[in-house]
Amino acid sequence: TGKELAKITSKKIISKPSITDDGSIVVYVASDKKIYFATIDWKTGNFEPDQIFDSRGIWYNAIISKDGSKIAAIYDEDLTTINVYDVASKGESDFTLYNPTYTQGVSTGDVLQADAMEFDATGEWIMYDAANEIKSATAGSIEYWDIGFIKIWNNSTKTFSLGKVENLYSSL
C-alpha cells in the first residue's frame with residue numbers, strides 16, 4: 001500500500017511501548033529511565049518522537065490507558081509501587097502492591113516486584129504480573145509469579161480509587 005514501517009525512537013527502550021487504542025500516542029521508558037512519548041497523526045502522517053513526559057530518570061516501566069487519560073509507571077528503585085497520573089486533573093497517586101488474603105482485614109506484603117502492566121478498557125483497573133515471596137520459618141522461602149489487578153480509578157466520581165488488589169489465582 002506504499003506505507004513503510006518506521007522506528008518510533010532511536011533510544012534504547014527498556015520497557016514494552018504502550019499505545020492508546022486509536023494509535024495516536026505511544027509511551028515508553030528509555031535506558032535513561034525517563035518516560036517518553038511519541039504522537040502520531042494518522043490523517044496527516046505527522047510523527048513526533050521522543051517527547052519527554054517525565055524527565056526525573058526514576059522509572060522502570062510505563063503504560064498509557066486506552067483513551068490516553070492516564071499514565072501509570074513503576075518506579076525503578078521501588079518495583080512494588082505504581083504511580084498513576086491523571087491527565088485531566090494533573091493529579092497523581094502512588095499505589096503499593098500487596099497480595100490480598102481472604103481473612104477480613106489481613107493482607108500480605110510479599111510482592112517483590114511488578115513487571116508487565118496493562119490498563120483494562122475502562123481505565124479503572126491495571127493488570128500486572130509480579131514476583132512474590134512466601135517466607136517460612138521451617139521451609140525457607142518460596143518465590144512465584146502471579147497476576148494481579150489493582151483498582152486505581154473510579155470513573156463515576158472521576159477520582160483515584162483506594163488501590164484494592166485482586167489476584168487472578170486465589171489459591172497459589
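Whenever a residue of the range 1-14 is at pLDDT 85 or above, its partners that are assigned to a loop (DSSP other than H, G, I, E, B), lying with C-beta atoms within less than 6 angstrom and at least six residues away or across chains, give the pairs Lys12/Ser31; Ile14/Ser31. The residue list Asp32, Asp21 contains one member that is in a loop (DSSP other than H, G, I, E, B), closer than 19 Å to Trp153 by Cα and acidic (Asp, Glu), which is Asp21. Residue check: Tyr60 meets all listed conditions (1) part of a loop (DSSP other than H, G, I, E, B); (2) touching an Asp or Glu at 6+ places or on another chain (Cβ under 9 Å); (3) farther than 20 Å from Leu168 by Cβ but one, namely (1).
Against the test of being within 20 Å of the chain's Cα centre (by Cα), surrounded by fewer than 12 Cβ atoms within 10 Å (Cβ to Cβ) and small (Gly, Ala, Ser), the options Ser18, Ser31 yield a single qualifying residue, Ser31.
Taken over the range 138-172, the criterion of being within 15 Å of Thr96 (Cα to Cα) and hydroxyl-bearing (Ser, Thr, Tyr) is satisfied by Ser161 alone.
Of all the criteria given as (1) of a type outside the set (S, T, N, Q); (2) outside any loop (DSSP other than H, G, I, E, B); (3) within 18 Å of Asn167 (Cβ to Cβ); (4) within 15 Å of the chain's Cα centre (by Cα), the one not satisfied by Asp146 is (4).
A quick yes/no check of all residues on (1) open to solvent by 40 Å² or more (accessible area, probe 1.4 Å); (2) β-branched (Val, Ile, Thr); (3) under 24 Å from Ser18 (Cα atoms):
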| position | (1), (2), (3) |
| --- | --- |
| Ile63 | no, yes, yes |
| Gly68 | no, no, yes |
| Pro100 | no, no, no |
| Ile126 | no, yes, yes |
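Here Ile82 fulfils each of the conditions (1) assigned to a strand (DSSP E or B); (2) open to solvent by 70 Å² or more (accessible area, probe 1.4 Å); (3) in contact with a Ser or Thr (Cβ under 9 Å, 6 or more places away or on another chain) apart from (2).
In the range 48-61, which residues are over 27 Å from Asp94 (Cβ atoms) and either of a type in the set (Gly, Ala, Ser) or open to solvent by less than 70 Å² (accessible area, probe 1.4 Å) (or both)? Spell out the reasoning first.
Residues of the range 48-61 that are over 27 Å from Asp94 (Cβ atoms), as a first pass: 48-49.
Residue satisfying the conditions is Pro49 alone.
Here are some residues: Ala72, Ala121, Ala114. Which one is in contact (Cβ under 8 Å) with a residue 40 or more places away in the chain, under 22 Å from Asp22 (Cβ atoms) and open to solvent by less than 70 Å² (accessible area, probe 1.4 Å)? Talk me through it step by step, then tell me what you get.
On the way: Ala121 fails: open to solvent by less than 70 Å² (accessible area, probe 1.4 Å); Ala114 fails: under 22 Å from Asp22 (Cβ atoms).
Criteria check complete, one pass: Ala72.
The values are calculated or read from the model by the stated rules, or taken from the named source; none is laboratory data. Since the structure is predicted, the reported quantities are computational estimates derived from the model, not experimental observations. A quick note on method: Cβ atoms are made from the backbone with ideal geometry, for glycine too, and the neighbour counts reach across all protein chains shown. Only protein heavy atoms, including side chains, enter the accessible area calculation; ligands, DNA and RNA are left aside. Shrake-Rupley method; radii C 1.70, N 1.55, O 1.52, S 1.80 Å.
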